[in-house]
1. Residue check: is E259 of a type in the set (D, E, K, R), out of contact with any Cys (no Cβ under 9 Å at 6 or more places or on another chain) and either closer than 30 Å to S167 by Cα or exposed (fewer than 10 other Cβ atoms within 10 Å of the Cβ) (or both)?
2. Since N75 meets every condition but one in (1) at pLDDT 55 or above; (2) out of contact with any Phe, Trp or Tyr (no Cβ under 9 Å at 6 or more places or on another chain); (3) open to solvent by 50 Å² or more (accessible area, probe 1.4 Å), which condition does it not meet?
3. List the pairs whose first member sits in the stretch 228-257 and is within 15 Å of F171 (Cα to Cα) and in a helix (DSSP H, G or I), whose second member is among the hydroxyl-bearing types (S, T, Y) and at pLDDT below 90, and whose Cβ atoms are under 6 Å apart, counting only residues at least 6 apart or on separate chains?
4. Can you name the residue in the stretch 78-132 that is aromatic (F, W, Y) and open to solvent by 10 Å² or more (accessible area, probe 1.4 Å) and is also modelled with the highest pLDDT among such residues?
5. Count, please, the residues in the stretch 134-176 that happen to be open to solvent by less than 60 Å² (accessible area, probe 1.4 Å) and farther than 13 Å from F84 by Cα.
6. Considering only the stretch 54-72, state which residues are in contact with a Gly (Cβ under 8 Å, 6 or more places away or on another chain) and open to solvent by 40 Å² or more (accessible area, probe 1.4 Å).
7. Could you check, for the stretch 191-213, whether at least one of its residues is modelled with pLDDT under 90 and on the phi > 0 side of the Ramachandran plot?
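The values are calculated or read from the model by the stated rules, or taken from the named source; none is laboratory data. These figures come from a predicted structure and were not determined experimentally. Backbone-built Cβ (ideal geometry, glycine too); neighbour counts: all protein chains shown. The area values use the complete protein model at the heavy-atom level, side chains included, leaving out ligands, DNA and RNA. Shrake-Rupley method; radii C 1.70, N 1.55, O 1.52, S 1.80 Å.
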Amino acid sequence: MSRLWLSDVPRHLVTFFHQWMSQPSRGPIDVGGLFNLGHSQVNARTWHSLLLRRWEKASSCKLKRIEFYRGGRNNWREFLVLHFSHHVQQSAGATVIIERTTIGGYQVSSSVPGCPTTEVVDYVHVLGQKEDLKTWLAKTYDKYEILRALEYAPSGSSQPPSVIQLSNLVFVAHQYCWDSHPYVHDCCCFLHTMFEASKELFSGGKEHRYRHPAGGRSSLKIETLDLHDLHSVCQIYERSWEELVRRRTERAEIMRKLEKANRKLQEVRRAREEEGRAREEAVKNLEEGRRHFQEVCNAHAARVQDLQQALEDCREARGSSLTSNGRDTTS
């Protein structure tokens with residue numbers, strides 16, 4: 001039995017390492033709100049806030065591609081899929097899905113005009129690093145098809161936008177469509193506005209349109225903002241982004257001054273601690289000197305006392321000797 005088990009060890013090791021190597025590797029999970037271990041769902045405002053807290057890393061996670069989809073089981077639903085690169089591992093990617101839906105879960109599509117009394121919410125789904133996009137889309141929307149795409153690649157003249165810039169655009173479009181647009185609850189209008197605004201704001205994107213068997217190029221009628229409203233969204237975004245950068249710069253300057261003041265405070269504390277230690281050392285040396293002087297004085301006093309005692313002993317001995325000699329003479 002022992003020989004048989006030992007002979008099977010190499011085979012078991014090969015099987016184990018083959019299974020381990022064949023498993024999909026877990027990507028980085030160091031940017032909350034983008035590179036997560038598991039799936040997360042938040043609204044547009046929360047997503048924007050999460051990424052702002054991770055500005056340093058998130059500002060280096062660049063957009064690779066925006067895809068405009070429609071899909072659904074019974075009613076067509078529109079949604080955007082955004083692909084981002086990692087701030088260090090460029091080969092690693094994160095996937096974000098953006099959709100507008102009602103509070104109860106029914107999404108108002110381009111085929112169903114919006115109603116002012118309908119409550120809607122803009123959701124941002126961030127897929128986990130082990131999740132597969134096609135599997136998630138099939139599970140969520142059943143059937144789906146891509147209509148348009150906007151692809152970005154780094155070049156000498158332009159750089160793709162960061163995930164913070166896209167989250168800011170999502171937040172601006174979310175607020176603008178709530179406040180100003182008559183098709184406020186039309187999800188397709190909201191998403192298409194984001195797609196068109198990305199084209200206007202972030203140069204360098206290459207647009208793709210896709211053919212579909214049913215009607216050649218997609219014949220989906222898209223309710224979108226007119227040029228004036230689209231221009232307004234872009235202006236609001238630019239002002240908002242300038243304000244974010246300004247506040248970030250001011251915050252960085254304040255933090256720099258605080259760090260400088262903290263370093264100065266630490267230096268003063270260290271100097272005071274050194275002075276305190278030097279003072280304690282001086283007091284200690286003084287006490288040791290006093291103790292040594294006292295010991296010398298005590299030793300000197302003891303020596304004097306011993307000498308005095310010896311002198312007294314000598315005197316007594318001499319007196320006794322003289323008395324003895326006087327008695328002998330008299331005799």
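1. In short, yes.
2. For N75, the exception is condition (2).
3. Filtered contacts from the stretch 228-257: V233/Y176.
4. Taking the candidates together, the pick is Y123.
5. 20
6. R54, K64
7. yes
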